[in-house]
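For reference, the structure discussed in these notes is given below.
The values are calculated or read from the model by the stated rules, or taken from the named source; none is laboratory data. Note that the structure is a prediction, hence the values are computed from the model and not measured. Because the Cβ atoms are built from the backbone with ideal geometry, glycine has one as well, and the counts that use them run over all protein chains shown. Surface areas here come from the heavy atoms of the whole protein model, side chains and all, with no ligands, DNA or RNA. Shrake-Rupley method; radii C 1.70, N 1.55, O 1.52, S 1.80 Å.
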Amino acid sequence: MSSRRKVSLVTLGCARNEVDSEELAGRLESDGWDLVDPEGGEQADVVVVNTCGFIDAAKQDSIDALLSSAADGAKVVAAGCMAERYGSQLAEALPEAQVIGFDDYAEISHRLDDVLAGRSLTPHDPRDRRTLLPITPVERPDRQHAHVPGHAPFDTPDPLPEGLAPASGPRIPRRRLTGGPVANLKIASGCDRRCTFCAIPAFRGAYISRRPDDVVREAEWLAGQGVRELFLVSENSTSYGKDLGDLRALEGLLPRLAGVEGIERVRVSYLQPAEMRPGLIEVLTSTPGVVPYFDLSFQHASGPLLRRMRRFGSREQFLELLQTVRARAPEAGVRSNFIVGFPGETEADLAELTSFLEEARLDAVGVFGYSDEEGTEAAGLDGKLPDETITERVDRLNRLAEELMAQRSEERVGSTVEVLVESELGEGAYEGRSAHQAPEVDGSTVVYGTGLAAGDVVTATVTEAMGADLVAEAATPGAAPR
């Protein structure tokens, strides 16, 4: 075996998975592995597929990626949420791949060495990771027996090679895989909520916050790599700090991150409406460098149906929350996802959701049809709707959502926006995102100007709306952006 082994990483799913892949990449590179890109024609000795295990479509994508990787003759390892969720069951059903869980991440290099040497890995049996940590959140920071990707202390007593940063512990690096002026930054993992439709807490585990100093140190390293915007990711950002004994920890962390030299914007994802405190709203709408962006997990707007989901709120309460936000920051961006066809959903429930969408003026809306997830309470509920009814309702809501998002974009024509440039399109056009647009999910802004480059933040005036996308003119063409 050569001293340098070759590995490629395939990442599926959410931004949290992307962070986990960068931790795996850093660990492997520091242990002597070369990271290769199969699309560039390089053959890897081992392919690690960081799978998604959220819904059936994502699980099928993960299986397809594993089979596709194995088809080229490479040794394949399944990691990530689907691998953690199913463990030995996945290994038995898919002999083309070896299976590892989160607890294997700290020893990922040794696990891949075993695979290269032809030694079979012993996959874990599926289990509820919530049982690995104390029920009481404040008792969790002293845990030692459960590995949480990206959560060990951020401590770098010795210099690391250029391009590497310790994402999850002493001398444990994180290696950026995508580059660009925007980077995901994990602040927490797991979830303590008990939504009846969601299986994530069972395989991601109980809620664990990263310590603020660790998050800030990683932000400083990212800024040194040319990052201008930090996108804070977790399963539930509004719970940040509760296991550290500080329910207002996010309110203190955000100004610290915005103050990191080189960082222009800080954006928070996945906020629970029921946990939106007045102090947090104030910080999100008044802190320089923190964009007034609200990724609110509404899921529905019918009060009775939300209770059936084990969630809180109603159309009236959600509209009141949005009114509070916009009273402080009229330009605030708001996005949310909604589940249609949940067991017991009536036409009256759907009408309540429709009314909410028409009044809410959301910038981005995702509509998903309900499907049973094994191991969830909702899978056993009565009142299941026929597939054709769910499909019809999803189509109906999607058409409405597209119309309403286009109307919201039209409202921004003539307004001034701050655009973070991400790429050059040519002929004086650049693509980027305004403050109300998160990476990948909320549309983009094409800005016309001169002398711009990726990472620049430019003030521009919106001249046109195209669906969720905007077109803008740089306010001072030729002037140096900040």
Give the residues of the range 298-356 that are among the basic types (Lys, Arg) and not in a loop (DSSP other than H, G, I, E, B), sorted by residue number.
Arg307, Arg308, Arg315, Arg326, Arg328, Arg335
Of the conditions (1) over 27 Å from Gln60 (Cα atoms); (2) of a type in the set (A, V, I, L, M); (3) open to solvent by 30 Å² or more (accessible area, probe 1.4 Å), the single one that Val334 does not satisfy is (3)
Could you tell me which numbered condition Ala429 fails, if it satisfies all but one of (1) within 26 Å of Cys14 (Cβ to Cβ); (2) open to solvent by less than 50 Å² (accessible area, probe 1.4 Å)?
(1)
Flagged in the range 266-299 as charged (D, E, K, R) and closer than 20 Å to Val227 by Cβ, in numbering order, are Arg267, Asp295
The range 342-395 - residue that is open to solvent by 70 Å² or more (accessible area, probe 1.4 Å) and touching a Leu at 6+ places or on another chain (Cβ under 8 Å) and, of those, nearest to Glu320 (Cα to Cα)
Glu359
Residues of the range 40-62 satisfying the condition of being assigned to a helix (DSSP H, G or I), surrounded by fewer than 17 Cβ atoms within 10 Å (Cβ to Cβ) and free of Cβ contacts under 8 Å to residues at least 24 places away in the same chain
Gly40, Ala57, Gln60
I'm told Phe368 meets every condition in (1) more than 23 Å from Gly53 (Cα to Cα); (2) assigned to a strand (DSSP E or B) except one. Can you identify the failing condition by its number?
(1)
Thr196 vs (1) crowded, with 23+ Cβ neighbours inside 10 Å; (2) β-branched (Val, Ile, Thr); (3) over 23 Å from Glu418 (Cβ atoms): all pass except (1)
For Leu322, only one of the following conditions fails: (1) without any contact (Cβ under 8 Å) to a residue 60 or more places away in the chain; (2) of a type outside the set (Phe, Trp, Tyr); (3) open to solvent by 10 Å² or more (accessible area, probe 1.4 Å). What is its number?
(3)
Would you check if Val115 is touching a residue at least 60 places away in the same chain (Cβ under 8 Å), buried (at least 17 other Cβ atoms within 10 Å of the Cβ) and under 25 Å from Arg4 (Cβ atoms)?
yes
Taking into account only those residues within the range 222-256 that are under 20 Å from the mean Cα position of the chain (by Cα) and more than 30 Å from Ile135 (Cβ to Cβ), which is most open to solvent (accessible area, probe 1.4 Å)?
Arg228
Condition (residue is at pLDDT 95 or above and farther than 25 Å from Arg310 by Cα) applied to the range 373-390: is it met by at least one residue?
yes
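I'm checking my understanding of the structure. Among residues of the range 273-297 that are part of a strand (DSSP E or B) and in contact with a Ser or Thr (Cβ under 7 Å, 6 or more places away or on another chain), which one is most open to solvent (accessible area, probe 1.4 Å)?
Per the criteria, the residue is Asp295.
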Out of (1) charged (D, E, K, R); (2) in contact with a Lys or Arg (Cβ under 7 Å, 6 or more places away or on another chain); (3) under 24 Å from Ala465 (Cβ atoms), the odd one out for Arg399 is which?
(2)
Does any residue of the range 160-181 turn out to be surrounded by 23 or more Cβ atoms within 10 Å (Cβ to Cβ), β-branched (Val, Ile, Thr) and either farther than 25 Å from Leu133 by Cα or modelled with pLDDT of 90 or more (or both)?
no
Which fully enclosed strands (runs of 3 or more DSSP E) of the range 373-479 have 3 or more residues being touching a residue at least 24 places away in the same chain (Cβ under 8 Å) and hydroxyl-bearing (Ser, Thr, Tyr)?
457-466
Among the residues of the range 10-39, the number that are open to solvent by 10 Å² or more (accessible area, probe 1.4 Å) and part of a helix (DSSP H, G or I) is 10
